[in-house]
Amino acid sequence: MSRVKSKSLFDLIHSLSPNEKRHFKINHTGSGDPDDKKMLLLFDYLNKQKVFNEERVSEVIPAIKSTQLSNLKAYLYEKIMLSLRQYNLPKILDLQIREQIDFAQLLFERRLYQQGKTCLKKARRLSQVHENLELTLEIIKLEKSILMLTIDEDIEETVDTIIDDVRKINSQIHNINMFSNLSIKLNSYYTRIGFIRDEEDSIRVKEYFNSNLPDYKEEALSLGEKTTLYLLYIGYYYFLQDFSNGYLYANRLVHLYEENIDRIKFSPENYVKALNNLMIAQFKLNYFEEFVLNKHKLINFTNDSTVYFNERLKTSLLKYYFIHELNLFFLTGEFNAGVKKLFVDRKEDIDDLLKKLDPHSALILMYKISCLYFGAGLYNHCLRWLNRIINIPNVDIREDIHCFARIINLICHYELGNFDVIKYYIISTYRFLWKRDDLRMFQKYILKFLKDLNNDVDVAELVGRFRNLKNQLVPIENSDYEKRAFIYFDIISWLESKIEGKTVQEVIMNKAKAKGFYLEE
């Protein structure tokens, strides 16, 4: 077995929960099989390791010869997977459906047709509850094959029902595939460039969307089709920075789940994702009370005893929790409270989470963290997080965030009085933005402003320059293709803090209090 596969075994073992490990060991302890004894010794050895290293296996476990190790690892991997399947069977509906299909096939081979049909009926019922269309087709395929071998009184009616079911299911699968294909294509654009940058982006996205959207009647769609359609529209409108329309579809999707509680139980990750999408719109649109309400809903969901929390769901919940905690501090301006809550009390949780996240999610979280530190006036901390973004070798993910990270990096150096490095960073930032075709009015105004600054400017002139920059930026704040800059960083509040001689936190907190946005006691 190759070294990559060996690492795979190590990672698999360390992904197991304590209960899953206990289940595996109970099932194989005392079997009397010599291979099982060696397998358990290897399992315990790898389980105790903090860092993967198999070089000393034969030395530490004399019963395992080096020539046996490759086969033993393969054996152990297979047994763990079988144990995982058995342990998680009651919790994962798809596994239960496939089990009944497997049972039916085994029974049909023994000509026990009625028993096999009973298994298929159970599988059908489960697949319909979960709206697993692909597995339903697999069940129907078996039902059709067995019709040739059995004779029922109502066979003609059964055949007609099967044909009608196949037609409906294929239509649903077609629509879902069309909606989801369009959705992942748009998401690939968004993941690369972020929000649309200009009219050219907008035209290209809208034309692609409209030309690939199939005809449909929403009232005729199944729940599965509606779910996929609403996700498509959410992604589309968010990409266009049309958060009002995105909010409408996000709201409809959450209601769709909450009106069909079983769907939450069977698809908890999709429900949590829907809730996250709704909270993004509420944050962007300053729907503070709704945002806080759903934040509590998200937290309470983690205590729902009817939900099976796999590792993927746990990671998603933790990611959304931290993202929206950060968003809450951005809404209220309570940056110091945010630093204490997230980086004094829960720093280890964030560090662990960042190791588990995909590159896109990790980038967003790091950017928000850097903005939190900026708001708190902790510019050195902000720079450390920004440098983690700037030093990422692959900038093909969210080019927009990479661009604005460099802008905030410049402002931090200004705040710290590092005038000697600002000119160097301005040149490198210009070069970066030019290569990425992302040099807009917003960036031009700020770069020129910083380029002309030095530590010899007197206070009165400096305030005048800040006021002039603000006057340049305010008119483009609501521009279709410039407003994305203000989504990433509240530069107007920063300029006002300089003009008024206050901290950024004070300025944003005053605005928040005027709107009635307060942290709960």
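The values are calculated or read from the model by the stated rules, or taken from the named source; none is laboratory data. None of the values given here were measured: they were computed from a predicted structure. For neighbour counting, all protein chains shown are included, and Cβ atoms are generated from backbone atoms with ideal geometry for every residue, glycine included.
Which of the following residues is closer than 30 Å to N132 by Cα, more than 35 Å from the chain's Cα centre (by Cα) and either at pLDDT 85 or above or surrounded by 13 or more Cβ atoms within 10 Å (Cβ to Cβ) (or both): L40, L107? It is L107.
Restricting attention to region 386-399, the residues being of a type in the set (D, E, K, R), part of a loop (DSSP other than H, G, I, E, B) and surrounded by 14 or more Cβ atoms within 10 Å (Cβ to Cβ) number 1.
To keep it simple, each residue is scored yes or no on (1) touching a Cys at 6+ places or on another chain (Cβ under 8 Å); (2) under 26 Å from Y287 (Cα atoms); (3) in a helix (DSSP H, G or I); (4) modelled with pLDDT of 75 or more.
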residue: S428; (1), (2), (3), (4): no, no, yes, yes
residue: F432; (1), (2), (3), (4): yes, no, yes, no
residue: L439; (1), (2), (3), (4): no, no, no, no
residue: L447; (1), (2), (3), (4): no, no, yes, yes
residue: V457; (1), (2), (3), (4): no, no, no, no
residue: P475; (1), (2), (3), (4): no, yes, yes, yes
residue: D480; (1), (2), (3), (4): no, yes, no, no
residue: E496; (1), (2), (3), (4): no, yes, yes, yes
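Of the residues that make up region 126-138, is at least one more than 30 Å from R167 (Cβ to Cβ) and out of contact with any Pro (no Cβ under 9 Å at 6 or more places or on another chain)? No: zero hits. With respect to the conditions (1) over 20 Å from E415 (Cβ atoms); (2) buried (at least 21 other Cβ atoms within 10 Å of the Cβ); (3) not polar (S, T, N, Q), L353 lacks only one, and its number is (2). If we keep just the residues of region 50-86 that are surrounded by 13 or more Cβ atoms within 10 Å (Cβ to Cβ) and not in a helix (DSSP H, G or I), which is nearest to the chain's Cα centre (by Cα)? Out of the qualifying residues, it is F52. Tell me, yes or no, whether region 186-204 has at least one residue that is out of contact with any Leu (no Cβ under 7 Å at 6 or more places or on another chain) and more than 28 Å from I401 (Cβ to Cβ). Within region 186-204 (the criterion being out of contact with any Leu (no Cβ under 7 Å at 6 or more places or on another chain) and more than 28 Å from I401 (Cβ to Cβ)), the answer is no, since none of the residues qualifies. Cβ-Cβ contacts under 9 Å between residues 6 or more apart (or on different chains), taken from a first residue in region 406-421 that is in contact (Cβ under 8 Å) with a residue 24 or more places away in the chain to a second residue that is small (G, A, S) and assigned to a helix (DSSP H, G or I), are listed as R406/S428; I407/A485; I408/S370; N409/S370; C412/S370. Take S183 and decide whether it is closer than 26 Å to Y233 by Cα and polar (S, T, N, Q). Judged against the criteria, S183 is a match. In this structure, R111 does not qualify as basic (K, R) and in a helix (DSSP H, G or I). State all residues of region 365-389 that are free of Cβ contacts under 8 Å to residues at least 24 places away in the same chain and within 25 Å of K284 (Cα to Cα); if no residue qualifies, say none. Matches in region 365-389: M366, W385. Can you run down the residue pairs with Cβ atoms below 9 Å, 6 or more apart or on separate chains, where the first is in region 13-34 and of a type in the set (K, R) and the partner is modelled with pLDDT of 90 or more and surrounded by fewer than 16 Cβ atoms within 10 Å (Cβ to Cβ)? If the second residue must be modelled with pLDDT of 90 or more and surrounded by fewer than 16 Cβ atoms within 10 Å (Cβ to Cβ), the pairs left are K21/N47; K25/D44. Among the numbered conditions (1) at pLDDT below 95; (2) over 20 Å from S361 (Cα atoms); (3) touching a helix residue (DSSP H, G or I) at 6+ places or on another chain (Cβ under 7 Å), the only one that D242 does not meet is (3). For region 255-282, the tally of residues that are at pLDDT 90 or above and either surrounded by fewer than 20 Cβ atoms within 10 Å (Cβ to Cβ) or under 17 Å from the mean Cα position of the chain (by Cα) (or both) stands at 18. In region 199-248, the qualifying residues are those that are among the aromatic types (F, W, Y) and surrounded by fewer than 16 Cβ atoms within 10 Å (Cβ to Cβ), and the one that is nearest to I169 (Cα to Cα) is Y216. When we screen N181, N251 for residues that are crowded, with 16+ Cβ neighbours inside 10 Å and either out of contact with any Phe, Trp or Tyr (no Cβ under 9 Å at 6 or more places or on another chain) or more than 27 Å from W434 (Cβ to Cβ) (or both), the only hit is N251. Within region 511-521, the residues that satisfy the criterion of being over 19 Å from R467 (Cα atoms) and either of a type in the set (K, R) or surrounded by fewer than 17 Cβ atoms within 10 Å (Cβ to Cβ) (or both) are K513, A514, K515, G516, Y518, L519, E520, E521. So which of D345, D352 ends up being free of Cβ contacts under 8 Å to residues at least 12 places away in the same chain, within 24 Å of K314 (Cα to Cα) and in a loop (DSSP other than H, G, I, E, B)? That would be D345, the only listed residue that is free of Cβ contacts under 8 Å to residues at least 12 places away in the same chain, within 24 Å of K314 (Cα to Cα) and in a loop (DSSP other than H, G, I, E, B). When residues in region 400-423 are screened for being among the aromatic types (F, W, Y) and crowded, with 20+ Cβ neighbours inside 10 Å, 1 of them pass.
Applying the criterion of being outside any helix (DSSP H, G or I) and within 17 Å of the chain's Cα centre (by Cα) to the residues of region 356-377, the residue that is surrounded by the most Cβ atoms within 10 Å (Cβ to Cβ) is L357. Somewhere in region 200-213, is a residue of a type in the set (F, W, Y), part of a helix (DSSP H, G or I) and under 19 Å from the mean Cα position of the chain (by Cα)? No: region 200-213 contains no residue that is of a type in the set (F, W, Y), part of a helix (DSSP H, G or I) and under 19 Å from the mean Cα position of the chain (by Cα).
A search for C-beta distances below 7 Å between a residue of region 148-172 that is loosely packed, with under 12 Cβ neighbours inside 10 Å and any residue that is modelled with pLDDT under 85, counting only pairs 6+ apart in sequence or on different chains, returns D152/T158; I155/L147.
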